[in-house]
Structure formats: structure tokens, C-alpha cells
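Some notes on the structure that comes next.
The values are calculated or read from the model by the stated rules, or taken from the named source; none is laboratory data. All of these numbers come straight from a predicted model, not from anything done at the bench. Please note: Cβ atoms are built from the backbone with ideal geometry, for glycine as well, and neighbour counts cover all protein chains shown.
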Amino acid sequence: MSTELETDLEAAVERRRNFAIISHPDAGKTTLTEKLLLYGGAIHEAGAVKARRAQKKATSDWMEMEQQRGISITSTVLQFEYHNCQINLLDTPGHQDFSEDTYRTLAAADNAVMLIDAAKGLEPQTRKLFEVCKMRSLPIFTFVNKCDRPGRDPFELLDEIEQELGLQTYAVNWPIGMGDRFKGVYERHSKQIHLFERSAHGSKEALDTVVDLGDPRIEQLLEQDLYYQFKEELELLDGVGAELDLDQVRSGKMTPVFFGSAMTNFGVELFLNYFLDYALKPGIHNSSVGEVAPTYPEFSGFVFKLQANMDPRHRDRVAFVRVCTGKFEKDMIVNHARTGKTVRLSRPQKLFAQDRESIEEAYAGDVIGLNNPGAFAIGDTIYTGQKLEYEGIPCFSPELFAYLRNPNPSKFKQFHKGVTELREEGAVQIMYSVDEAKRDPILAAVGQLQFEVVQFRLMSEYGVETRLDPLPYSVARWVVEGWEALEKAGRLFNTVTVKDNWGRPVLLFKNDWNMHQVQEDNPNLTLSAIAPVG
Ligand code: GDP
């Protein structure tokens, strides 16, 4: 390797941090993202992310459906510089656009920020996303948000994380009071108190005054009962809490916890500083030729997300690639592992909010958007040099199921072609009844929007109008041991068996409770929420 390239790659990896936020709707993801971007200088005023979104909606010719629904299907990769680091924030679609893409984004992330509402604690979407992080052993940084509002006892929140997620916690800072009586946070490492002062006119930026723990003014600054409560909590925390162990953090077993308030921008900078120190840099990936380091001199990466019809005039698709090794350069020619073809990566894009901006180069940990209609499917590897292939992105448990009907027999061919292509691309999972008489495909999706996208695209790209007949299930589990073990298990209650696209057995349940019941009654069956691509 030329020493120049070597130095270039090492420096690039050293500077990079990449993460995704996992949270439940309304926990404050948009607000936190905005504050982080403010620190990075990527935007200059609070409110810009939302405003930009609204403005784009009004003026652009985004996908018809996006306009009809008035929501954003597009998720974005936000890149910003902070303290000489380049931070890549991979947006995880939430709200109505929660879909399998949300999980897949985590396959491209090196770190996760778990954002929790102080009043609500762990919520369903966060738990689900956590499971994917756990599978990948991602380091998880917890931000307990909305401390300026009445919230739950912080010890109780830590306990919930430990008990329910099996993650050890280490509180990096500690809130003094909550809600109306929120006075600030105590930073344990520096032994300093950051005082929270609501700024004049109740405006949204908080002032941050720093005082040492030993400072005699503290007793006066805090009301007496709060002061004693704080001292007591601190003793308890030091007494019962685990020590910070960075190896444990980086292997996803311990989560550093930060308390703050995104809306008032309190505790966000503190969080960001620690995050830069503790987070994993782009690391080693497993591939068909073994482990490859991010500084490996050849370029490689994998597709983790495809977005269709961003521009209806061109019906183009953007393939989002996570760069794993080497250096990407505009117009470079790469090999496509699955098809063996060569592809020229022209018109690469970096995405900021919904603006497209051309990029010249990218390194491990970065995400690039490629404009090559039809060339790519989820999980595909592209590379230069010696052939290598990454492990691919697994299938995640769908939560919505519906028969997809084609009422017009003369359109059978187009229907079949459309369903096959959309499945291959990763737009939706397809399952089939084990009853040979029921041949219609069952669409299986993580979010409702996936159904709508499939129906919309079948209509607009294949000319087939379809009908959906929803099925009353919400949980799917692959039977890891296969058909024989399933048959041996005998009759199972409150579940139906279907087969996935590769003929593997999948059990569908109405709810988690039924699933747990079957699992308890059949300890010999391994029921998995995640399955490798067949
Ligand atoms: P998202 O759905 O996770 O993206 O959540 P948003 O960022 O849109 O926030 C949801 C609501 O919570 C909005 O009304 C925010 O203004 C509010 N919010 C977010 N962070 C805070 C906070 O730290 N304190 C308070 N009081 N409200 C917050």
C-alpha cells in the first residue's frame, strides 16, 4: 500500500463516528437531531430541519404518494463536523414510515443512541430496535430526554434498562430535580454541576453555568431539600452503580446514560463530547474472505437501503451504500459481487435532509447514495480488487400481513414479475400459505407504508391494480430447526404456519403472548425474530 493512501485512510477512519438514533415516536428524535446539527454548524438556526422539510414538501415533485400522505418516506444521512470529527447520523424512519428499512439502517451503523422520554421510559419501538442493536453488539448511548418536564425517578429508569434490556448502566451525569424543579445535571467525571437556567421569556435555549461540586455556593443555589436529595442519590449511585468500563460499552454490554433536555439544548453538548470519546470508530467487517479492516486499501461496501421513485420523472432508485473499506471516488468502476458485473458509480450523492449534493470521495463509516436503477438489491456488496462479499442483511420479523390479490387474471404475468422484483429488491417480504390451494402471496411488512409502496409501485411500474386482504397476525417467528422439528412438535395452538420465500417454516401469531406460550410449551423449537436471507 502506498504510504500516502495508508495515512489518508488511517486519518479518515480516526475522525469518523457513525450512529443511528433508536427511539419511540415523540421521544424527541427530531429535536435532538436538530440540536446536534447546530453544534456541527450544519444548520444555523433551530427549527431548520423541520422548516426545510415543510418547504420541500410544498415545492418539490416528490413521489406522488409522499405528497398525498403528506409524510416523508425519504430517510436521510446527515453528516456534520464537530471537534475535528466527522459524524454521520443515519436517520431511522419512525412514525408512520417505520419499516424494515429502520432495522436495516442499524446494519449500517457502528453505534446507537437510545433516546428515552424521562416520563415514559422504555417504549415498544425502542425495545424492538434495541433487539437489532443487541444482535449486532452495537455500543448504545442512552439519552434520557425531557428532564425539564416531570419525569420518572432516574434510578427507576436505570433499573428498567438493566432489567428489561439486560444492559448494565453507567450514569455519566445525574439530574438534580426534574420538571419544574429541574436544576441541572451533575457530571460525575469532572465533579461539576451544570446548572440549568431557563432563559428569559421562557425561550427555548437554556443557559449553562458550571460549578464545582465543592463550591460552597451550591447549597444556596439549590433549595435545601433538593440539595440533600441530590447528595443522597449521589452516595447511592457511587455505592451501588457499576464502574464505567469502556470495553463493556464498546461491546454493547454497558450503556453510558446521559440526562438532559433536547428542546432547551441542555446536556446535548456534554453528551456529544462524551460520545466522540467513547463511540466506536468504523471497524472490522466480516466478509467471505475473512475480516477486513476499514483501512484495507481497496474500496468495498454494501447496500443497506433502496429508495424508489424519488423522482417520478425518472423512476430512479437510490441505493444507499455503507462504505466499509478503502476510499470511494466519484466515477470509480467497481465489481458487483452478486452478478459479477462491473458498475460505474456515477452521480454519487451525499444526502443532507432532502437536498442532493454530489460527493467526490468517501471513506469507511460513510454512506453514499448511488443512482443506478435496477442494479442493486438489499445486501449487495460492491468492491474493487480481490472479490469479497459481506454477510448480507437479515430478514426482520414482520408485523403486518395481508394476502395480495390480483383481481385481473390477464395481468398475471406482470403481477408475478412485479411481486418477484419488489421482493428481490427488499421492498417487502413474501410468504405463502402451506395450503397449496391458497396461492396468493402474503405480503409481510414491518410498517403499513411498505404495503402502500408495493401497491403503488405495482400500479405505476407494472400496470397492475391489486387488492389487500389483511390477516390478523402481528408477530412472526422463524422455526430455526426447520420442518421436521416442527412436525415432531405436533399441534401448536394459536398460531398458523406459513413458509417464507425460501420455503422455510414461519409461525404467525396474533400477539406476543401467544408466541411466548408456544415457545414455553415447545422448548425444543428455536423461534427466531430474525432470519438470514435464504
Ligand atoms: P420525535 O417524534 O422523536 O422526532 O420527537 P420530536 O423531536 O418531534 O418531539 C416531540 C415533542 O416533544 C415535540 O413537541 C417537542 O417539542 C417535544 N420535546 C422534545 N424534546 C423535549 C424536551 O427536552 N423537553 C420538552 N419539554 N419537550 C421536548
Being in contact with a strand residue (DSSP E or B) (Cβ under 7 Å, 6 or more places away or on another chain) and either farther than 20 Å from residue 274 by Cα or within 11 Å of the ligand (Cβ to nearest atom) (or both) is the filter here; which residues of segment 100-114 pass it? 100, 101, 103, 104, 105, 106, 107, 108
Within segment 278-292, is even one residue more than 16 Å from the ligand (Cβ to nearest atom), more than 23 Å from residue 156 (Cα to Cα) and part of a helix (DSSP H, G or I)? yes
From (1) at pLDDT 75 or above; (2) small (Gly, Ala, Ser); (3) within 13 Å of the ligand (Cβ to nearest atom); (4) within 11 Å of the chain's Cα centre (by Cα), pick out the condition that doesn't hold for residue 75. (1)
Please work out if residue 117 is under 17 Å from residue 262 (Cα atoms), within 15 Å of the ligand (Cβ to nearest atom) and crowded, with 18+ Cβ neighbours inside 10 Å. yes
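Do the conditions hold for residue 94, that is, is it in contact with a Lys or Arg (Cβ under 8 Å, 6 or more places away or on another chain), within 15 Å of the ligand (Cβ to nearest atom) and not aliphatic (A, V, I, L, M)?
yes
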Limited to segment 357-415, what total is found for residues that are among the hydrophobic types (A, V, I, L, M, F, W, C), outside any loop (DSSP other than H, G, I, E, B) and in contact (Cβ under 8 Å) with a residue 24 or more places away in the chain? 12
Quick one: what pairs do we get from segment 215-226, first residue in the same structural domain as residue 190 (by the TED database), second part of a helix (DSSP H, G or I), C-beta under 8 Å, 6+ apart or different chains? 218/227; 219/227; 222/230; 223/181; 226/181
Would you say residue 439 is of a type in the set (Lys, Arg) and within 29 Å of the chain's Cα centre (by Cα)? no
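Examine segment 168-175 for a residue that is in contact with a Pro (Cβ under 9 Å, 6 or more places away or on another chain) and either within 14 Å of the ligand (Cβ to nearest atom) or at pLDDT below 95 (or both), and state whether such a residue exists.
Yes: one or more hits.
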Scan segment 124-154 residue by residue and report those that are surrounded by fewer than 21 Cβ atoms within 10 Å (Cβ to Cβ), more than 16 Å from the ligand (Cβ to nearest atom), touching a residue at least 12 places away in the same chain (Cβ under 8 Å) and part of a loop (DSSP other than H, G, I, E, B). 136, 137
Restricting attention to segment 416-445, and to residues there that are in a loop (DSSP other than H, G, I, E, B) and of a type in the set (A, V, I, L, M), which single residue is nearest to residue 496 (Cα to Cα)? 434
Scanning segment 300-330 residue by residue, the ones that are at pLDDT below 85 and assigned to a loop (DSSP other than H, G, I, E, B) total 9
Of these, 451, 493, which one is under 24 Å from residue 124 (Cβ atoms), of a type outside the set (Asp, Glu) and not assigned by the TED database to the domain that holds residue 97? 451
